[in-house]
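**Student:** The structure follows.
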Amino acid sequence: MELVRYTTGRGDEASAGLRGPDGSLRRLAGSMCELLRLPRNDLRQLLESADGDAEQASVRLLPPVDGLTEIWAAGVTYQRSREGRTAESAVRDVYDRVYDAQRPELFFKSPAWRVRGPGESIGIRADSAIDVPEPELALILNSAAELVGLTICNDVSSRSIEGENPLYLPQAKFYSGSCSLGPVIRPAWEVADPNNLRISVAVSRGNAVAWAAETSTVSLHRSLSELADFLFSGLDFPDGVVLSTGTGLVPDLDFTLQPGDIVEIEVEDVGVLRNTVRRGLVARDGV
């Protein structure tokens, strides 16, 4: 079972629907945020009782977020991320302090309207020398802070800008094309153990693989519930929220994304997210 946001390409507005194993779609709502306002049990009942005619037209999958849904992210939640941030930073001990601190690093990543979806282009800044994908498991939390789904986030980041000064984090993390999500939302109750999912990434350049790596959420330093609790401790999210849980896949400093690269991220039991890299300001594909 997969929750998707899509358009039929017939001039229709985007819809939120349920995609079956055969690729057929059943429309559930006019927007994804309508579903994220529902209590978890109500959403589960809606999905499991969905009926009606399946959508027959060809569809284009869109980023699985809309409305006032926000995307937030956690940082330095894996040992590898701690090592990578320490290596790149001119202020090295700050990441050691974050990794071991009681309070996690949480930062705003994107509003829904800036997010790229499957097959769309992600961006790297024109004023950055080292840019990387950050493959992450992302939590879909409803307005009541209940975990209702899982998706994939590419938290594209400028290592050179963040490494120069930790206070440059917003510029390193939040810019045009810096966040992609999708391709689907997998209902949380269908994933046996989100704390033990394989995450892999491959960056293709021409006919070769420029960088590839693999990790597992079993290596997360913090629990998923802890991250969610801290996020909701000072904020409310009427349209739900996406919380990306940090990356355990960080390349060496001699690697950087280049225009034309294809980034493919796979999260076990969730799916595969593919995007192509562009440099500079990146408008939404087709907009």
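Rule-based calculations on the coordinates, nothing more; no lab input. Note that the structure is predicted; figures quoted are calculated from it, not measured. Cβ placement follows ideal geometry from the backbone for every residue including glycine, while neighbour counts extend to all protein chains displayed.
**Student:** Just checking my list (1) 18.2, 58; (2) 22.2, 71; (3) 23.2, 68 against Rg and Dmax of the Cα atoms in Å computed from this structure; which label fits?
**Tutor:** Calculated Rg and Dmax of the Cα atoms in Å: the matching label is (1).
**Student:** Can you figure out the FRET efficiency of A29 with V218, using R₀ = 35 Å and their beta-carbon distance, to the nearest 0.05? Before the final figure, lay out each step's value.
**Tutor:** Values: r = 34 Å, r/R0 = 0.98.
The computed FRET efficiency comes out at 0.55.
**Student:** As I understand it, the dipole of the chain uses +1 on the Cβ of Lys and Arg and -1 on the Cβ of Asp and Glu, about the Cα centre. Which of S49, S219, G9 lies farthest toward its positive end?
**Tutor:** Toward the positive end, the furthest listed residue is G9.
**Student:** Given labels modelled 7 Å from the Cα in the Cβ direction, how far is it in nm from D254 to L281?
**Tutor:** 3.6 nm
**Student:** Another question, if that's okay. Size of the dipole of the range 70-279 about the Cα centre, Lys and Arg at +1 and Asp and Glu at -1 on the beta carbon, nothing else charged, in debye to 20?
**Tutor:** The calculation lands at about 460 debye.
**Student:** So for each of 264-275, 23-34 I average, over its residues, the number of other beta carbons within 10 Å; can you give me the resulting order with the highest mean first?
**Tutor:** 264-275, 23-34
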